[in-house]
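Heads up, the thing below is written out as structure tokens.
The values are calculated or read from the model by the stated rules, or taken from the named source; none is laboratory data. The shown structure was predicted, so the numbers you read here are calculated from the model rather than taken from an experiment. Here Cβ is always computed from backbone atoms with ideal geometry, including for glycine, and neighbour counts include all displayed protein chains. Just the protein is used for accessible areas: all its heavy atoms, side chains included, with ligands, DNA and RNA removed. Shrake-Rupley method; radii C 1.70, N 1.55, O 1.52, S 1.80 Å.
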Amino acid sequence: IRGDRLEALYTVALASGLRQGEALGLQWADLNLEAGTLSVKQSLQRIDGRYTLAPTKTERSARTLKLPEICLEALRAHRIAQDIERETIGEAWQGNWDLVFCHADGSPLSRHAETRRFQRILSNAGIEKHRFHDLRHTCATLLLAQGVNLTVIMETLGHTQIATTNIYTHVLPVLMADAAAKMDAILTGD
């Protein structure tokens, strides 16, 4: 992903667990790079062949997230690159969208095209085929592996119920081994 025009998209999606439509619907006004936050307010949808910014999937999906530094760095670099694209294309820039992640002319990205692009990037890296949505699952799993509380993961992903979050947090073998070792320590007094 490093060096790809949309490196920041994949970085943010992986680190924050955004749904694809939420990530593609982000506008620059939704970011506060100084405070390190991202506000999920809408989702990019294609309805009757036209793009629109629609409300989030659920009321709970509207949320403000604290971003890790890796995302902030990627977003700052992305902003500079996008400003250059805007300057280069001039009046043809479709700036009314103000999208963070868009085509080089400022127009919205297609969910399907971005999924295919993501799969090509994975294939070129020798990684098996995955959906863009799998970045969301991976985010949840990585947070769980770091010992982040399940409720915090639920809030990060914008789930309304903890049961939904449980589906996303695939138990890693290393976590199972760690749990067994901790149980041994408790029961044997070691």
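Below are the figures for this structure:
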read-out: Filter result (within 20 Å of Gly36 (Cβ to Cβ) and among the basic types (Lys, Arg)) within the stretch 59-96; value: Arg63, Lys66, Arg76, Arg79
read-out: Total residues in the stretch 93-126, condition open to solvent by 60 Å² or more (accessible area, probe 1.4 Å) and more than 19 Å from the chain's Cα centre (by Cα); value: 6
read-out: Looking only at the stretch 144-153, and only at residues there that are closer than 18 Å to Ser61 by Cα and of a type outside the set (S, T, N, Q), the one that is least open to solvent (accessible area, probe 1.4 Å); value: Ile153
read-out: Odd one out for Ile47 among (1) modelled with pLDDT of 95 or more; (2) more than 17 Å from Ala74 (Cβ to Cβ); value: (1)
read-out: Residues (surrounded by 14 or more Cβ atoms within 10 Å (Cβ to Cβ), in a helix (DSSP H, G or I) and not hydrophobic (A, V, I, L, M, F, W, C)) located in the stretch 28-72; value: Asp30, Arg60, Ser61
read-out: Selection within the stretch 11-60 - of a type in the set (S, T, N, Q) and under 19 Å from Thr141 (Cα atoms); value: Thr11, Ser16, Gln20
